[in-house]
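Trainee: Here it is: the structure, laid out below.
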């Protein structure tokens with residue numbers, strides 16, 4: 001059967017040359033024509049919206065929302081998520097590291113953390129105004145830290161963990177912002193003094209573990225620059241902080257034990273060529289190096305056992 005806009009006919013009638021009685025009451029339906037007749041009434045609200053869009057002075061929504069009111073929260077979150085992502089242990093009040101910033105904005109730790117967070121954010125995203133503001137915060141935080149250390153009495157040997165955090169944040173600020181190595185080395189020395197004053201027993205609680213976890217490499221790297229050994233190579237600093245929970249010591253912590261030995265080895269090597277110093281046996285240094293490599297190999301085997309698909313050759 002052939003169908004078009006003419007009256008339909010069937011092939012059988014066409015081939016037989018006789019009139020087709022297919023449908024005498026045929027009605028042709030034009031859907032497009034009928035649809036055009038149906039006019040949907042325009043909603044007044046949509047009509048006003050179209051008129052608003054067509055106005056020349058219509059202001060479009062910006063691509064990005066203005067976040068200046070949340071600047072501190074943004075830079076702090078960026079700083080913590082990028083540099084302190086491995087710090088998961090709680091602080092003294094059972095909260096996260098973010099509470100150092102949000103608890104008391106005017107505290108020394110909060111101001112020190114904000115200054116290094118702004119310095120880090122501005123250096124990554126190239127914001128000079130924020131860099132200048134971070135510099136101003138740094139000056140205020142240094143004065144506050146000096147005041148906090150000055151008010152500490154000799155009878156109170158224990159230091160608040162927030163004070164050690166403050167010194168650490170200021171040291172990280174110098175690493176990010178300063179071109180001179182001497183500036184952050186001074187802060188590194190200060191962090192080492194405060195950590196040693198707290199003693200190994202001061203880091204046995206879960207609240208203090210993150211501080212020691214960060215301070216040990218920070219202090220060791222500074223000591224490597226000076227080629228001088230530190231208190232961290234002593235056995236008590238490698239065992240006492242984890243004595244209450246020996247299983248909590250991770251492979252990373254054992255790696256830091258070896259890192260803490262490196263500054264002392266560098267000093268011993270220097271003493272080999274110093275005529276005025278007590279001569280250190282070359283065999284003794286070789287034995288220490290060999291023992292360190294054996295421990296490193298043992299840690300590598302343990303890591304491969306715990307994470308069999310983490311690396312391959």
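Derivation of every value follows stated rules applied to the coordinates shown; laboratory data play no part. As the structure is a computational prediction, the values presented were derived from the model and not from experiment. Virtual Cβ from ideal backbone geometry, glycine too; neighbours counted across all protein chains shown.
Trainee: Arranged by the count of other C-beta atoms within 10 angstrom, fewest first, what order do 273, 120 take?
Mentor: On the way: 273 8, 120 22.
With the fewest neighbours first, 273, 120 line up as 273, 120.
Trainee: If we sort 281-287, 247-253 on the protection proxy, mean other Cβ atoms within 10 Å, highest first, what's the order?
Mentor: 247-253, 281-287
Trainee: Then there is this: Taking the beta-carbon count within 10 Å as an exposure proxy, list 230, 151 from fewest neighbours to most.
Mentor: So the residues, fewest neighbours to most, are 151, 230.
Trainee: Rg and Dmax in Å for the range 203-291, alpha carbons only: what are they?
Mentor: Answer for the range 203-291, Rg first and Dmax second: 14.7, 46 Å.
Trainee: Let me ask another. What is the fewest-to-most order of 201, 138, 173 by other Cβ atoms lying within 10 Å of their Cβ?
Mentor: Working: 201 14, 138 23, 173 27.
The most exposed by this proxy come first: 201, 138, 173.
Trainee: Follow-up question, since we're still on this one. What Kirkwood hydrodynamic radius do you get for the range 139-263 when you take the inverse of the mean 1/r over all pairs of distinct Cα atoms, in Å?
Mentor: It is 15.1 Å.
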